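The values are calculated or read from the model by the stated rules, or taken from the named source; none is laboratory data. Fair warning: this is a prediction, and the values are worked out from it, not measured in the lab. Methodologically, a virtual Cβ is constructed for each residue, glycine included, from the backbone with ideal geometry; neighbour enumeration extends over all protein chains shown. Each accessible area value is taken on the protein alone, full model and side chains, heavy atoms only, with ligands, DNA and RNA left out. Shrake-Rupley method; radii C 1.70, N 1.55, O 1.52, S 1.80 Å.
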Amino acid sequence: MALGVVAYVCETLLHEAVGHGGMCLASGYRVTAIAPLWMHCSTTTTLVNLMGPAANLIGAVVYGLILRLAPPRLDSLRVFVWLGLAFNGLVAAGYMGVGGLTGFGDWPVVLGSVQPFWMARVGLVVVGAGLYIIFLRLAGGALKRDVIRGALTDGRLRRLVMFPALGAAIAALGAEAYGQGAKPLGLALAAGCTLVVGFSLTSLSTVKTETETAFGVRFSLAWVVVAVVVGAGFVLAVGPGYDLTRFAP
């Protein structure tokens, strides 16, 4: 659960702070506020909107390359990097599909000038669904080859993915409820970025086996402390929308 909390917060801040916020600053504008599901820039441009989801896609690729080329020796670190791959890739793909279905989010804004607009939205759904399947397969392959280096029983796979997803959901739903109130759309998106990802990962049949393997993540007080600090800070500070105008000259 601790690994899931930290992986989710990193995924969200990569989208909002690094992606949107970084492009906002690089374009010569000011970031005025950051929240779990939005970022306010003094001026909104197509590039600022695009770089949020693009940062998650790039992040998923980087996490995957780390696992493939330089996998950490510690089991817990390998699982953390793998969760970064899974969260960033699946959330980015799902976000694209949801944007096409509902007209919500960055992608409909980025493709707003495409006519007819319904065709752009259909394209987002198709591409988002395709990317979701691709990232599921990539996550499955990386889990079997670079993390577990073997296979897991169905029950152990569920525990491996659902406990981190539950930890991530507590942070996501807590930040949204505390900071933005019990708004159905916000809570649904928070659950989609966490629990839905977890349920999707339980379908990774390529890593399932009938026999037990020696793989396991041991309890780590250090990870728990980091997760409590990161999660609490995310809920209390970022949840309501962290005001950055106080740092303006």
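If you take the residues in segment 134-158 that are closer than 15 Å to Leu57 by Cβ and aliphatic (A, V, I, L, M), which one is least open to solvent (accessible area, probe 1.4 Å)? Before you say what the answer is, go through the steps one by one.
Here is the first cut: in segment 134-158, the ones closer than 15 Å to Leu57 by Cβ are 134-136, 138-139.
Next, from what is left, pick out any that are aliphatic (A, V, I, L, M): 134, 136, 138-139.
Details: Ile134: 89, Leu136: 32, Leu138: 92, Ala139: 0 Å².
For segment 134-158, the residue satisfying everything is Ala139.
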Exercise. Out of (1) at pLDDT 95 or above; (2) outside any helix (DSSP H, G or I), what's the single condition that is false for Ser113?
Worked result: (1)
Exercise. What's the number of the condition Val81 fails, among (1) touching a Phe, Trp or Tyr at 6+ places or on another chain (Cβ under 6 Å); (2) within 26 Å of Tyr242 (Cβ to Cβ); (3) among the aliphatic types (A, V, I, L, M)?
Worked result: (2)
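If only one of Ala182, Ala172 is open to solvent by less than 20 Å² (accessible area, probe 1.4 Å), of a type outside the set (D, E, K, R) and in contact with a helix residue (DSSP H, G or I) (Cβ under 9 Å, 6 or more places away or on another chain), which one is it?
Numbers: Ala182 fails: open to solvent by less than 20 Å² (accessible area, probe 1.4 Å).
When all the criteria are applied, what remains is Ala172.
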For this session: Quick one: Met119 ticks every box in (1) open to solvent by 20 Å² or more (accessible area, probe 1.4 Å); (2) within 30 Å of Ser220 (Cβ to Cβ); (3) without any contact (Cβ under 8 Å) to a residue 60 or more places away in the chain except a single one, so which number is it?
Result: (2)
